[in-house]
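Undergrad: This structure is in structure tokens; I'll ask about it shortly.
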Amino acid sequence: LKEIPIDERPLTLPGGKGALALNTQEPGNYSYLVADAAGQVYARVDYTVAGAANVTRSMEKNAELQIVLDKHDYSAGDTISMQIQAPYTGAGLITIERDHVYSWQWFKTTTTSSVQKIKVPAGLEGNGYVSVSFVRDPASEEIYTAPLSYGIQPFSIALDARRNAVTVHTPNLVKPGADLAISYRSAKPSRVVLFAVDEGILQVAHYKTPDPLGHFFRKRSLDVGTWQILDLILPGFRASMLSAPGGDQGTLLGANLNPFKRKTDRPVAWWSGIVDATPEAKTLHWTVPDYFNGRLRVMAVAVNDAAIGTTEQATLVRGDFVLSPNAPLTVTPGDEFDVSVGVANNIVNSGSNPVVDVSVEASPQLEVVGAAHAPLKIGAMHESSARFRVRARDALGSASLRFRAALGDRSAELGATLSVRPATAYMSTLSVGSFKGQAKVPTTRNLYSEYRTLEASVSALPLALSHGLTSYLDHYPYSCTEQLVSQAMPAVVLAARPEFGELKSHQGATLATMIDELRARQTGDGSFRYWAGGAESIDFVSVYALHVLLEGSERDEGVPADLL
């Protein structure tokens, strides 16, 4: 619907209110708009003046131009046929546009509905827009309709020339620990990357096989602006031509509160690197991890200078036995506990009641109490479980239990890990004092050797405390902004003193590390979030962070100006 500006004047609101007398001189539909100099509309009042008169163009009809294309997808060189329905007869201009005008064609009609054609130019890929501007014939009887109408229709361009058919073949079934042969080829010589990933990981991440063509040729907006001079020829006409739119940081310190971490099985994900592909088949080999049972998705992306291709293939990894161990995550030296393991017999022709030998082996941190073997009667495609008693020895670190199931020459193994750690939390003790001559500082705690650290620093100045305080902060189990700033403060203030140069090398105690973290935590108003990924900011912490940055800036430590 077209709207014609009639009058414009400043608006004053004494006392915040004002009276407005409506203009009722001529019949028609009118609106009052309150807007600022930038065109932002703050209020709108619509009203209608009824009466008997020849209504002028102030009461506009809808002058929309209707365009219907014969299909949605075209190839370069195809001819687009379109039906154009206008409110009147006249002449017009058809253009194919996107980031600029690719081609154009004039036309003239003697009826309000006509079929026009234009050719898709070479060099246009992905999508484009058909834009039609239509001017009313001076002899047309539709004198009360806007003399200019226009319409825009999007269309897609087929990408067959950009597709490179790539094929991947893998066995339907393999065993854990076995060699997986991946055969691949492409219709055109290209460079290929192949992936094999656990389907469970992909489901959790809602991951879809890559579609590079869809990414590089996704719909682009119409970026052509159209201007017209019709309002110079017909001063009473004002129109606005509109364009149609188309379509945590990894340096978290102390995040793990348990220094005696257990080793875990790595996620099942493999990639080939960049390899060459031709129409002749080639083969890559990968050893499937022995601890994995499940479905693998094998994906390939092939690229050359002119085309892209993708494909995917599914492979089932299933061993003769599927072991499902159940063990605690952490134990303390001296603990005795039960572990169980579920065993599924996948040997189809093994019978209804075969005896499967299930056993367990322990790492040096653990010992098996009682029998380490358990015979189980498990029929084909059925499952059962065995239970073992285990004791934790006085040795800390990552411990493991190795489970094995065997039936004749068929077997399967799987490990489970757990952390053997003290019953008390990791603790830093700082003793401070002064002395003359000699002094002894007794160690009042029994310490495990795995993570024991004993340090002493002596100075004629109280600055010797900085070594102990920095060590305490290095092992502090949280990574709030206040802690990170406190870690960096000694390195900033005392870096110039030779006896405290050691502080520069402490992990997490450098100014560069703190700047990286603060940049990631800074909000739009300049303050700093208390936690990485959080939303809360505390004034004291932000001031404290800026204090350290100013101290570093005064000492020529290279603090970025934008951070300040």
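The values are calculated or read from the model by the stated rules, or taken from the named source; none is laboratory data. Here the structure is a predicted model, which means the values were calculated and not measured. Every residue, glycine as well, gets a Cβ built from its backbone with ideal geometry; the counts of neighbours run over all protein chains shown. Accessible surface areas use protein heavy atoms only, side chains included; no ligands, DNA or RNA. Shrake-Rupley method; radii C 1.70, N 1.55, O 1.52, S 1.80 Å.
Undergrad: I'd like the full set of residues that are assigned to a helix (DSSP H, G or I), touching a helix residue (DSSP H, G or I) at 6+ places or on another chain (Cβ under 8 Å) and farther than 30 Å from residue 527 by Cβ, limited to segment 437-483.
TA: Hits for segment 437-483 are 463, 467.
Undergrad: Same structure again: Six or more apart or on different chains, Cβ atoms under 9 Å: show the pairs whose first residue is in segment 361-388 and loosely packed, with under 15 Cβ neighbours inside 10 Å and whose second is in a loop (DSSP other than H, G, I, E, B) and of a type in the set (Val, Ile, Thr).
TA: 380/347; 380/348; 381/347; 381/348
Undergrad: Another question, then. Which of the residues spanning segment 105-136 are among the aromatic types (Phe, Trp, Tyr) and surrounded by fewer than 18 Cβ atoms within 10 Å (Cβ to Cβ)?
TA: 106, 107
Undergrad: Also: For segment 93-111, does any single residue satisfy the condition of being under 21 Å from residue 217 (Cα atoms), part of a loop (DSSP other than H, G, I, E, B) and basic (Lys, Arg)?
TA: Yes, segment 93-111 has at least one match.
Undergrad: Here's a check for you: in segment 283-315, which residue that is acidic (Asp, Glu) and over 23 Å from the mean Cα position of the chain (by Cα) is modelled with the lowest pLDDT?
TA: The selected residue is 290.
Undergrad: Quick one: what pairs do we get from segment 459-479, first residue over 15 Å from residue 489 (Cβ atoms) and of a type in the set (A, V, I, L, M, F, W, C), second modelled with pLDDT of 75 or more and open to solvent by 70 Å² or more (accessible area, probe 1.4 Å), C-beta under 9 Å, 6+ apart or different chains?
TA: 464/432; 464/458
Undergrad: Considering only residues that are in a loop (DSSP other than H, G, I, E, B) and open to solvent by less than 70 Å² (accessible area, probe 1.4 Å), which ones fall in segment 282-299?
TA: Residues satisfying the conditions are 288, 289, 291, 292, 293.
Undergrad: I'm trying to understand the selection: among the residues of segment 330-347, which are crowded, with 18+ Cβ neighbours inside 10 Å, of a type outside the set (A, V, I, L, M, F, W, C) and assigned to a strand (DSSP E or B)?
TA: 345
Undergrad: Hey, residue 531 hits all of (1) at pLDDT 75 or above; (2) aromatic (Phe, Trp, Tyr); (3) part of a helix (DSSP H, G or I); (4) under 29 Å from residue 424 (Cα atoms) but one; which does it fall short on?
TA: (3)
Undergrad: With (1) open to solvent by 40 Å² or more (accessible area, probe 1.4 Å); (2) closer than 30 Å to residue 425 by Cα; (3) within 45 Å of the chain's Cα centre (by Cα) as the list, and residue 411 as the residue in question, which single condition is left unmet?
TA: Just one mismatch for residue 411, condition (2).
Undergrad: Something else: Restricting to segment 534-553, name every residue that is among the polar types (S, T, N, Q) and at pLDDT below 90. Spell out the reasoning first.
TA: Step one: of segment 534-553, the residues among the polar types (S, T, N, Q) are 537, 542, 553.
Within segment 534-553, 537, 553 meet the criteria.
Undergrad: Filter segment 389-408 down to the residues that are in a strand (DSSP E or B) and either over 16 Å from residue 291 (Cα atoms) or open to solvent by less than 30 Å² (accessible area, probe 1.4 Å) (or both) and list them by number.
TA: The answer is 389, 390, 391, 392, 397, 398, 399, 401, 403, 405, 406, 407.
Undergrad: Exactly one of these conditions fails for residue 255: (1) hydrophobic (A, V, I, L, M, F, W, C); (2) assigned to a strand (DSSP E or B); (3) modelled with pLDDT under 85. Give me its number.
TA: Exception for residue 255: condition (2).
Undergrad: Mind checking whether some residue in segment 487-507 is modelled with pLDDT of 80 or more, out of contact with any helix residue (DSSP H, G or I) (no Cβ under 8 Å at 6 or more places or on another chain), in a loop (DSSP other than H, G, I, E, B) and surrounded by fewer than 17 Cβ atoms within 10 Å (Cβ to Cβ)?
TA: no
Condition check ((1) over 32 Å from the mean Cα position of the chain (by Cα); (2) β-branched (Val, Ile, Thr); (3) surrounded by fewer than 14 Cβ atoms within 10 Å (Cβ to Cβ)) across all residues:
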{"position": "148", "(1), (2), (3)": "yes, no, no"}
{"position": "162", "(1), (2), (3)": "no, no, no"}
{"position": "166", "(1), (2), (3)": "no, yes, no"}
{"position": "175", "(1), (2), (3)": "yes, no, no"}
{"position": "190", "(1), (2), (3)": "no, no, no"}
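Undergrad: Can you run down the residue pairs with Cβ atoms below 8 Å, 6 or more apart or on separate chains, where the first is in segment 515-526 and assigned to a strand (DSSP E or B) and the partner is surrounded by 13 or more Cβ atoms within 10 Å (Cβ to Cβ) and of a type in the set (Lys, Arg)?
TA: From segment 515-526, the pairs are 522/529.
Undergrad: I need the full set of residues from segment 313-329 which are over 26 Å from residue 263 (Cβ atoms) and open to solvent by 30 Å² or more (accessible area, probe 1.4 Å), in order please.
TA: Those that are over 26 Å from residue 263 (Cβ atoms) and open to solvent by 30 Å² or more (accessible area, probe 1.4 Å): 313, 314, 316.
Undergrad: Can you name the residue in segment 71-101 that is open to solvent by 10 Å² or more (accessible area, probe 1.4 Å) and hydrophobic (A, V, I, L, M, F, W, C) and, of all such residues, is nearest to residue 224 (Cα to Cα)?
TA: Among those that are open to solvent by 10 Å² or more (accessible area, probe 1.4 Å) and hydrophobic (A, V, I, L, M, F, W, C), it is 101.
Undergrad: Follow-up question, since we're still on this one. Return the total of residues in segment 371-388 being more than 42 Å from the chain's Cα centre (by Cα) and assigned to a strand (DSSP E or B). Please lay out each step first, then the result.
TA: Step one: filter segment 371-388 for residues more than 42 Å from the chain's Cα centre (by Cα), giving 371-380, 386-388.
Adding the requirement that they be assigned to a strand (DSSP E or B) leaves 373-377, 386-388.
So the answer is 8.
Undergrad: Please specify each residue of segment 509-532 satisfying the condition of being open to solvent by 60 Å² or more (accessible area, probe 1.4 Å) and either of a type outside the set (Asp, Glu) or under 21 Å from the mean Cα position of the chain (by Cα) (or both).
TA: Listed by number, the residues that qualify are 512, 516, 519, 524, 531.
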